[in-house]
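The values are calculated or read from the model by the stated rules, or taken from the named source; none is laboratory data. Note that the structure is a prediction, hence the values are computed from the model and not measured. Positions of Cβ are generated from backbone atoms using ideal geometry, with glycine treated the same way; all protein chains shown enter the neighbour counts. Side chains included, ligands, DNA and RNA excluded: accessible areas come from the protein's heavy atoms. Shrake-Rupley method; radii C 1.70, N 1.55, O 1.52, S 1.80 Å.
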Amino acid sequence: MCVLTGAGISAESGVPTFRDAQTGLWARYRPEDLATPEAFARDPQRVWEWYEWRRELVRRVEPNAGHRALVELAGKVPRLTLVTQNVDGLHQRAGSTGVIEYHGNILRDRCSAEGTLAGRSSLSITGLPECARCGELLRPDVVWFGEAIPRQALLEADVAAADCDVFLSVGTASVVYPAAGLAESALRSGARVIEINTESTALTPLADIALRGPSGDVLPQLLQALRR
Ligand code: BJW
């Protein structure tokens, strides 16, 4: 089994999604102002303020029933690979292991020049964190638009999607590539695709089964059905 999760699975923990028209992050902020390397080069202060606000939020929230159900599901199927587009670390905090972080992790810093993970050791005179080794600015260890997915994550997720019998897509709008292409790859390999989402998405017409509802309700119900 290959499971791909998106922002919707963390919504019930209180983490805003991106594309909800009312409450989504992109309803209030333009992606090109905050989630691109160009935005960071133009105005690192503004980008850091946004990420610091989100980091605080992520530290305060807790995993929900949907995250916990996926931990249990992993114990019930012969092999489960969990790929998440989320950067909040909530799957790991719920107890999932071997999670593939496709878009990075908001709680880590990396050097904007060297690309290496870095501890925060000093602040520049502007108050922005600097790399202890080379003095360039640190940035959050996330994948912005136009940037490559971390190589290992890309390869492992490709293999898991192409090899699985069942592909479960949870709480993602399925519009951001290459993540959205994983379900397509699973379909091409003959897997059954199941979607769990509160709304219809770009994947819905292709999915074998679409389960409508919050993942914090639907995933535990799915487990309940497996117990019968
Ligand atoms: C619930 C719920 C509940 C609510 N229960 N459900 C092919 C075609 C077109 C464009 C491209 C393409 N290939 C590449 C591109 C360009 C681009 C892209 O995809 N653009 C599209 C938007 C058009 N992709 C990229 O740029 C990627 N990089 C790349 O392709 O690099 C190429 C390259 C190769 C080699 C060298 C160099 C370059 C990178 C994409 C990075 C995405 N980054 C972000 C930000 C991460 C950091 C951060 O958090 O700040 O990732 S954008 C944002 O979108 C974030 C998310 O992970 C991602 C996906 O969002 P998600 O999870 O789907 O959230 P929402 O809000 O959209 O949806 C939530 C869903 O939940 C909804 O459906 C709700 O209904 C549902 N829901 N409550 C269940 N309780």
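Taking the range 53-92, which residues are of a type in the set (Asp, Glu) and open to solvent by 40 Å² or more (accessible area, probe 1.4 Å)? Answer for the range 53-92, where residues must be of a type in the set (Asp, Glu) and open to solvent by 40 Å² or more (accessible area, probe 1.4 Å): 56, 62, 72.
In the range 1-30, the residues that are within 9 Å of the ligand (Cβ to nearest atom) form Cβ pairs under 7 Å with partners that are open to solvent by less than 30 Å² (accessible area, probe 1.4 Å) and at pLDDT below 90, at six or more places apart or across chains, as follows: 16/24; 16/25; 17/24; 18/24; 18/25.
Just name the residue that is least open to solvent (accessible area, probe 1.4 Å) out of those in the range 130-154 that are more than 16 Å from the ligand (Cβ to nearest atom) and in contact (Cβ under 8 Å) with a residue 24 or more places away in the chain. Reasoning before the result, please.
Looking only at the range 130-154, we keep the residues that are more than 16 Å from the ligand (Cβ to nearest atom), and these are 130-137.
From the residues that got through so far, the ones that are in contact (Cβ under 8 Å) with a residue 24 or more places away in the chain too are 136-137.
Numbers: 136: 96, 137: 44 Å².
The extreme case among them is 137.
Selection over the range 195-224 of residues that are among the acidic types (Asp, Glu) and within 15 Å of residue 7 (Cβ to Cβ) gives a count of 2.
The C-beta contact set for the range 51-80 (first residue free of Cβ contacts under 8 Å to residues at least 40 places away in the same chain, second residue surrounded by fewer than 18 Cβ atoms within 10 Å (Cβ to Cβ), distance under 6 angstrom, 6+ apart or interchain) comprises 71/95.
Looking only at residues that are open to solvent by less than 10 Å² (accessible area, probe 1.4 Å) and aliphatic (A, V, I, L, M) in the range 161-179, which one is farthest from the ligand (Cβ to nearest atom)? Ranking the qualifying residues of the range 161-179, first place goes to 161. Within the range 93-113, being touching a residue at least 40 places away in the same chain (Cβ under 8 Å), open to solvent by 50 Å² or more (accessible area, probe 1.4 Å) and either in contact with a strand residue (DSSP E or B) (Cβ under 7 Å, 6 or more places away or on another chain) or assigned to a loop (DSSP other than H, G, I, E, B) (or both) holds for one residue alone: 112. Within the range 31-49, the set of residues being modelled with pLDDT of 90 or more and either near the ligand (Cβ under 8 Å from one of its atoms) or β-branched (Val, Ile, Thr) (or both) comprises 34, 35, 36, 47.
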